[in-house]
1. So, with +1 on the Cβ of K and R and -1 on the Cβ of D and E, and no other charges, what is the size of the charge dipole of the chain about its Cα centre, to the nearest 20 debye?
2. Run lengths n ≥ 4 of DSSP H only: what is the helix-derived mean residue ellipticity at 222 nm for the chain, with -39500 (n - 2.57) per run over all residues, to the nearest 500?
3. Go through Val254, Thr233, Ala25 and say which Cα lies farthest out towards the positive end of the charge dipole of the chain; charges sit on Cβ, +1 for Lys and Arg, -1 for Asp and Glu.
4. Along the Cα→Cβ direction, 7 angstrom out, place labels at Ala88 and Arg184. What is the inter-label distance in nm?
5. So what's segment 1-74 giving for Cα Rg divided by 2.2 N^0.38 Å, two decimals?
6. Only four residue types carry charge here, +1 at the Cβ of Lys and Arg and -1 at the Cβ of Asp and Glu. Report the dipole size of segment 134-257 about the Cα centre in Debye, rounded to the nearest 20.
7. Multiplying the sequence separation of Trp231 and Leu51 by 0.36 nm and subtracting their Cα-Cα distance, what value in nm do you get?
8. What value does segment 134-257 have for Rg/Rh, both radii from Cα atoms and Rh as Kirkwood defines it?
Amino acid sequence: MRAFSDPIFHDDAKAREYLESLRWADGRFCPHCGEAERTSPVEGKSHRAGLYVCLACRKTFTVTVGTLMERSHIALHKWAAAFILMTASKKGMSAHQLHRMLGITYKSAWFMAHRIREAMREGSPGPLGGHNKVVEADESFVGGKAKNRKSRKVAPKEAVFALVEREGRVRSSHVPSVNAKTLRPILVSQVSRKSYLMTDESAVYPKIGEEFAGHGTVNHSIEEYVRGYFWHTNTAENYFSILKRGIFGTYHHVSQKHLKRYLGEFDFRYNERAGLGVSDAERAAKAIKGIEGKRLTYRRTHGQAPET
């Protein structure tokens, strides 16, 4: 992880150069028309640093145009710090914590965090598993606690379905209910049929398991959690333990509307974890690269005008 004494966390010019090095690693291009050969810095004291002009379409642009950071008034060095904080914090970083550490409003920190989660979202992921690989499938529930100390209203429990490739990646989904009708489409579309499927004893899985190379189960109802070395769903249980510690311990309450974004955040950190050889700096850089070609307005997340 970059030390917080690093200039990119304190100097906007250094932060901009860092972002440019990531987004334009193969050369600067115009986000308006895609021109990669004829772009030039806009010179002159009246123009801000980092402003470029495309000689093809004659439009100006900066490194944030066409990204999740476009039109944000938050300083770039604070964006860099937020990316590092959210990608390096195993159990997440609350908007209140970002608001205090970055010196921005809570509303801005909340919206900023959602945009970073959008950057973490996988684009076009391939199937999990494959020949001689095991994918564990399991479900759990989050929620069921009061939204705040003063509220007597208890948030409903929400079902989360996770597919975890052993020594590999995870993909979790917010599902309306736990049954074959909701789980089968996710399983068959996101897991290679050549995989060995491992589940608990739930009646949901036997028929679906026939569609894969093999299907094994452990019976949690009789307190059987591991049989030998191969038979278990402990990898999926480990993912859920991290997710729940984050949601209950860091975020405290996650709405049904935004649960999928939080799942994407936890999936990203798990998939880019140190155990797979990914450093904190590499994880943050990969998240920053995910800002490309995405927009997330405050109206889409909250239904009001933004304060950024």
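Here, each number is a calculation from the coordinates, and none is a lab measurement. This is a predicted model, so every value here is computed, not measured. Please note: Cβ atoms are built from the backbone with ideal geometry, for glycine as well, and neighbour counts cover all protein chains shown.
1. In debye, rounded to 20, the chain gives about 1320.
2. About -10000 deg cm²/dmol.
3. Comparing the listed Cα positions along the dipole, Val254 ranks first.
4. Result for the modelled spin labels: 4.7 nm.
5. 1.17
6. The dipole magnitude comes to about 980 debye.
7. Full extension of this stretch gives 59.1 nm more.
8. 1.01
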